[in-house]
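Colleague: Structure provided below as structure tokens; questions to follow.
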Amino acid sequence: MKVAVLMPLAEQRGGAEQLLRLFLRHAPGAPDDWPLVFFETGPLVDEARALGFPVQVIRAGRLRQLVRYLHTVRRLARWFRQEGIALVLSWMGKAHLYGGVAARLAGSRRSGFSTEFRRGIRGWIDGLRGCRPSGCWPVPRQPLRLSGGCVRCGRWPSSIRRPS
């Protein structure tokens, strides 16, 4: 199963980037199962390529650039379909504002999830993440087995079978 990892930053700025580095060193399965998309170029791009991960750089620009935002979402959705991406893991809130919409456009077999690294710190991007189209409802055609419901609201989407 291919899981695309979306990362808006490509240089070390905090703990989320350090956690991505750690994840890349210990990722389960083959590196080809974890294609990465960065929204800028930088040292993390080179490091991921050196570890053998397939890496794309899609310059997303700023969220306030609506035309660029729509172009980035369309490119991501097309790439998800071409690569047969089964799941989208948005590493930070900004990435999920792109990845959640693109996953939805790519078809119902893709899902958008967001990781949360900044406990207790909320900005306007974190607030927008709750309004994203992928929201609390990943909609795969085949049921997934997850260890818990939606991190944000605790509910289970109707298309996901609860673990026994």
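Colleague: Given the condition among the hydroxyl-bearing types (Ser, Thr, Tyr) and touching a Gly at 6+ places or on another chain (Cβ under 7 Å), answer yes or no: does some residue in the stretch 83-91 qualify?
Modeller: Looking for residues that are among the hydroxyl-bearing types (Ser, Thr, Tyr) and touching a Gly at 6+ places or on another chain (Cβ under 7 Å), one finds at least one in the stretch 83-91, hence yes.
For every residue, the table says whether it meets (1) surrounded by 12 or more Cβ atoms within 10 Å (Cβ to Cβ); (2) in contact (Cβ under 8 Å) with a residue 60 or more places away in the chain; (3) touching a His at 6+ places or on another chain (Cβ under 8 Å); (4) in a strand (DSSP E or B).
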site: ALA16; (1), (2), (3), (4): yes, yes, no, no
site: ALA48; (1), (2), (3), (4): yes, no, no, no
site: GLN56; (1), (2), (3), (4): yes, no, no, yes
site: ALA60; (1), (2), (3), (4): yes, no, no, no
site: ARG64; (1), (2), (3), (4): no, no, no, no
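Colleague: Can you pull out every residue in the stretch 77-109 that is closer than 13 Å to VAL3 by Cα, part of a helix (DSSP H, G or I), in contact (Cβ under 8 Å) with a residue 40 or more places away in the chain and hydrophobic (A, V, I, L, M, F, W, C)?
Modeller: The answer is TRP79, PHE80.
Colleague: Quick check on my filter: what residues within the stretch 23-46 are aliphatic (A, V, I, L, M) and modelled with pLDDT under 90?
Modeller: Scanning the stretch 23-46 gives a single hit, ALA27.
For every residue, the table says whether it meets (1) surrounded by 12 or more Cβ atoms within 10 Å (Cβ to Cβ); (2) part of a loop (DSSP other than H, G, I, E, B); (3) among the β-branched types (Val, Ile, Thr).
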site	(1), (2), (3)
LEU9	yes, yes, no
ARG13	no, yes, no
VAL37	yes, no, yes
THR41	yes, yes, yes
PHE53	yes, yes, no
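Colleague: Kindly indicate whether any position in the stretch 66-73 is under 15 Å from the mean Cα position of the chain (by Cα) and hydroxyl-bearing (Ser, Thr, Tyr).
Modeller: yes
Colleague: Quick check on my filter: what residues within the stretch 18-33 are assigned to a helix (DSSP H, G or I) and among the aliphatic types (A, V, I, L, M)?
Modeller: LEU19, LEU20, LEU22, LEU24
Colleague: Also: Residues of the stretch 4-16 being closer than 14 Å to THR41 by Cβ and modelled with pLDDT of 90 or more, which ones?
Modeller: MET7, PRO8, LEU9, ALA10
The values are calculated or read from the model by the stated rules, or taken from the named source; none is laboratory data. All figures in this text were calculated on a predicted structure; none of them were measured in a lab. Cβ coordinates were reconstructed from backbone atoms using ideal geometry, including for glycine residues, and neighbour counts include every protein chain displayed.
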